[in-house]
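Heads up, the thing below is written out as structure tokens.
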Amino acid sequence: MKTYYLDQKPSLINKYLLEMRDVNIQNDRLRFRENIVRTGELVAYEISKVLKYKEIETQTPLGIALCRKPADTIVLSTILRAGLPFHQGFLNMFDDAENAFVSAYREYDDDSHTDFHVYTEYIASPCLDDKVLIIADPMLATGKSMEVGYRALLKKGTPKEVHIASVIASTEAIEYLDQCMPDNVTLWVASVDQKLNEHSYIVPGLGDAGDLAFGEKL
Ligand SMILES: O=P(O)(O)OC[C@H]1O[C@H](OP(=O)(O)OP(=O)(O)O)[C@H](O)[C@@H]1O
Ligand SMILES: O=c1cc[nH]c(=O)[nH]1
Ligand SMILES: [Mg+2]
């Protein structure tokens, strides 16, 4: 699985990551969501550089200009709920894309909140046959939500190319996805952290992305 690490080069992604991680800044929910949106926009721009384009002659007021646009239909998909602002960032850039939504949630096996299974309940997706599928989820901790979401989406068709995008991924999640995803999948991560804690949260990470964006859930 080809993987791009986007914080390795200087860009504003680094500043947005700092603000999302900082315990004194991240509790401003409006800023937290906006930083995820903005990171989504920048990751989408990076992905846009590897897509195929077709040439189109377009009429300007003064003549014909040869322009280009993405050749394939793009489907933006996300995993509810933390994925919503990240998805919005992608949609700001790929404004005429089709869209898909999958829910995934952890169900812990006991009160210690260590072992869990990931279930998916809801899916709304267009046909994915021969399209470019981008799956955006800000956090890849164990990688299981992404795997479950990806498998649920594949019931809606066979994309020609798949891009997985995340804000923070653990090394474990990258290794996990590397062994369970096929060759036509490319991973784009803003940043990588080495550790997971006993609850499978990324350390240092940023905490719970869904709660920071939308508030705590029961
Ligand atoms: O790689 P994993 O170990 O599967 O963990 C990552 C998942 O955790 C977060 O969602 P969460 O389960 O917190 O749900 P939420 O979006 O409703 O907060 C995140 O958005 C991923 O979907
Ligand atoms: O670190 C993590 C792991 C799962 N979900 C999150 O929001 N953060
Ligand atoms: Mg959460």
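Coordinate-derived values only; no laboratory data. Model, not experiment: these values are computed from the prediction. All Cβ positions, even for glycine, are placed from backbone atoms using ideal geometry, and neighbour counts span all protein chains on display.
Below are the figures for this structure:
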quantity	calculated
Scan of segment 146-194 for residues that are of a type in the set (S, T, Y) and part of a strand (DSSP E or B), ordered by number	S166, S170, T186, S191
Options I174, I164; residue that is away from ligand 3 (no atom under 16 Å from the Cβ) and under 13 Å from P138 (Cβ atoms)	I164
Those residues of segment 116-140 which are within 16 Å of ligand 2 (Cβ to nearest atom), closer than 15 Å to K155 by Cα and assigned to a strand (DSSP E or B), in sequence order	I135
Residue that is nearest to ligand 3 (Cβ to nearest atom), among those in segment 184-218 that are touching a strand residue (DSSP E or B) at 6+ places or on another chain (Cβ under 9 Å) and acidic (D, E)	D208
Options T142, T158, T186; residue that is within 11 Å of ligand 1 (Cβ to nearest atom) and polar (S, T, N, Q)	T142
Per-region count, segment 111-125, residues out of contact with any helix residue (DSSP H, G or I) (no Cβ under 9 Å at 6 or more places or on another chain) and more than 12 Å from I79 (Cα to Cα)	5
Any hit, segment 77-91, residues being over 17 Å from V43 (Cα atoms), touching a Cys at 6+ places or on another chain (Cβ under 8 Å) and part of a strand (DSSP E or B)	no
Filtered residue count, segment 189-210, keeping only those that are surrounded by 21 or more Cβ atoms within 10 Å (Cβ to Cβ) and more than 10 Å from ligand 2 (Cβ to nearest atom)	3
Considering residues of segment 60-76 that are in a strand (DSSP E or B) and touching a residue at least 24 places away in the same chain (Cβ under 8 Å) only, the residue surrounded by the most Cβ atoms within 10 Å (Cβ to Cβ)	L76
Segment 10-43: number of residues that are among the charged types (D, E, K, R), in contact (Cβ under 8 Å) with a residue 60 or more places away in the chain and exposed (fewer than 14 other Cβ atoms within 10 Å of the Cβ)	1
Leading residue by the ranking (nearest to H117 (Cα to Cα)) among those in segment 193-218 that are in contact with a Ser or Thr (Cβ under 6 Å, 6 or more places away or on another chain) and of a type outside the set (S, T, Y)	E198
